[in-house]
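**Student:** My structure is below; once you've seen it, I'll send some questions.
Since every read-out is calculated from the coordinates, none of them should be taken as a lab result. Quick caveat: nothing in here was measured; it's all calculated off a predicted structure. Cβ coordinates were reconstructed from backbone atoms using ideal geometry, including for glycine residues, and neighbour counts include every protein chain displayed.
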Amino acid sequence: MVKINAFGSSSAGNSYLLEDGDSALLLEAGIQPKNMKLDWSKVDALLITHEHMDHARYTKDYIRRGGFSVYCTPGTAKELKDVANYRVMECEYLEQFTVKKWHIIAFQVEHDVAEPCGFLIRTPSGKKVLFATDTYYIKYKFKGVTHFMIECNYSLEILQENLQKKRLDKRQYMRILKSHFELGNLIDFFKANDLSKAEEVYLLHLSDRNSDEEQFINEIERITGIPTYVAK
Ligand SMILES: [Zn+2]
Ligand SMILES: [Zn+2]
């Protein structure tokens, strides 16, 4: 059975544990290990989507706690050389790799870093988990995903209101548009994708000031008909 647990999911820090039976993957390394309750010996690998510190700051500390390797794109590996200088495995876009009973593919996403990726993960029991965060657009369509772990950072309506009320400046506004996933874009993404096997949706990386948790859950559930949770 697949279990998803968030240790943190925001620009302050991100890390998730994806478990299936007695196997586990860690996704992102942006939360202090001392604040995470888990059996480190159970972890088969650490996957990192990009080099921003809210996703990668504690990479070295995670590696020290377990015997696992870090998987990321070559571009991310280069950027991370200070925090991950050993046990780094580079994965190219769209080339499947296997770690124990996990089969994983990194795919390109759109974010303001060197070589950002999302991961499509086949779990030991045959579930399909899509993990995508920090991207303003996803060009791929996926079939048979059972668990969506996907960013829903902001809604354009709230963002525009915050700009008008000067809660953020034009530069911040423009950066968000070109780096993070918006509610309407996520709705379009779900409409374009095969949801026939979907069991759960986890919304990730909500912005403190540009999001509305309850509204996001309601809208995504209404569109998809799938139980939806906000990861925190
Ligand atoms: Zn982030
Ligand atoms: Zn980022």
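**Student:** Out of 16, 86, report the one residue that is of a type in the set (Ser, Thr, Tyr) and more than 23 Å from residue 151 (Cβ to Cβ).
**Tutor:** That would be 86, the only listed residue that is of a type in the set (Ser, Thr, Tyr) and more than 23 Å from residue 151 (Cβ to Cβ).
**Student:** Right, next: In this structure, does residue 154 turn out to be surrounded by fewer than 22 Cβ atoms within 10 Å (Cβ to Cβ) and among the aromatic types (Phe, Trp, Tyr)? Spell out the reasoning first.
**Tutor:** On the way: surrounded by fewer than 22 Cβ atoms within 10 Å (Cβ to Cβ): no; among the aromatic types (Phe, Trp, Tyr): yes.
The answer is no for residue 154.
**Student:** How many residues are surrounded by fewer than 18 Cβ atoms within 10 Å (Cβ to Cβ) and either more than 16 Å from ligand 1 (Cβ to nearest atom) or under 13 Å from the mean Cα position of the chain (by Cα) (or both) when one looks only at region 111-131?
**Tutor:** So the answer is 3.
**Student:** Is there any pair with a first residue in region 179-199 that is part of a helix (DSSP H, G or I) and a second that is within 16 Å of ligand 2 (Cβ to nearest atom) and acidic (Asp, Glu) whose Cβ atoms are under 9 Å apart and which are 6 or more apart or on different chains, and what are they?
**Tutor:** 186/151
**Student:** Could you please give the count of residues in region 1-44 that are more than 16 Å from ligand 1 (Cβ to nearest atom) and touching a residue at least 60 places away in the same chain (Cβ under 8 Å)?
**Tutor:** 8
**Student:** Let me ask something additional. Only one residue in 121, 63 is touching a strand residue (DSSP E or B) at 6+ places or on another chain (Cβ under 6 Å) and either under 17 Å from residue 26 (Cα atoms) or within 15 Å of ligand 2 (Cβ to nearest atom) (or both), so which one is that? Don't jump to the end; show me each part of the working.
**Tutor:** Numbers: 63 fails: touching a strand residue (DSSP E or B) at 6+ places or on another chain (Cβ under 6 Å).
Exactly one residue qualifies, and that residue is 121.
**Student:** Mind listing just one residue for me: the one in region 45-68 that is within 16 Å of residue 99 (Cα to Cα) and out of contact with any Phe, Trp or Tyr (no Cβ under 6 Å at 6 or more places or on another chain) and, of those, nearest to ligand 1 (Cβ to nearest atom)? Spell out the reasoning first.
**Tutor:** If we filter region 45-68 for residues that are within 16 Å of residue 99 (Cα to Cα), which is where we start, we get 45-48, 63, 66-68.
Keeping just the survivors that are out of contact with any Phe, Trp or Tyr (no Cβ under 6 Å at 6 or more places or on another chain) gives 48, 63, 67-68.
Values: 48: 11, 63: 20, 67: 27, 68: 22 Å.
Among those that are within 16 Å of residue 99 (Cα to Cα) and out of contact with any Phe, Trp or Tyr (no Cβ under 6 Å at 6 or more places or on another chain), it is 48.
**Student:** What is the one condition in (1) at positive phi; (2) crowded, with 19+ Cβ neighbours inside 10 Å; (3) touching a Lys or Arg at 6+ places or on another chain (Cβ under 9 Å) that residue 134 does not satisfy?
**Tutor:** (3)
**Student:** Could you tell me how many of the residues in region 200-228 are surrounded by 14 or more Cβ atoms within 10 Å (Cβ to Cβ) and not in a helix (DSSP H, G or I)?
**Tutor:** 13
**Student:** In region 160-181, what residues are of a type in the set (A, V, I, L, M, F, W, C) and away from ligand 1 (no atom under 16 Å from the Cβ)? Before the answer, list the steps.
**Tutor:** Taking region 160-181 first, the residues of a type in the set (A, V, I, L, M, F, W, C) are 163, 168, 174, 176-177, 181.
Once the filter is applied, which keeps residues that are of a type in the set (A, V, I, L, M, F, W, C) and away from ligand 1 (no atom under 16 Å from the Cβ), region 160-181 yields 163, 168, 174.
**Student:** Where residues in region 1-30 are touching a helix residue (DSSP H, G or I) at 6+ places or on another chain (Cβ under 9 Å) and not in a strand (DSSP E or B), which of them is nearest to ligand 2 (Cβ to nearest atom)?
**Tutor:** Result: 11.
**Student:** Another question, then. Looking at region 144-178, which of its residues are polar (S, T, N, Q), touching a residue at least 24 places away in the same chain (Cβ under 8 Å) and out of contact with any Ser or Thr (no Cβ under 9 Å at 6 or more places or on another chain)?
**Tutor:** 162
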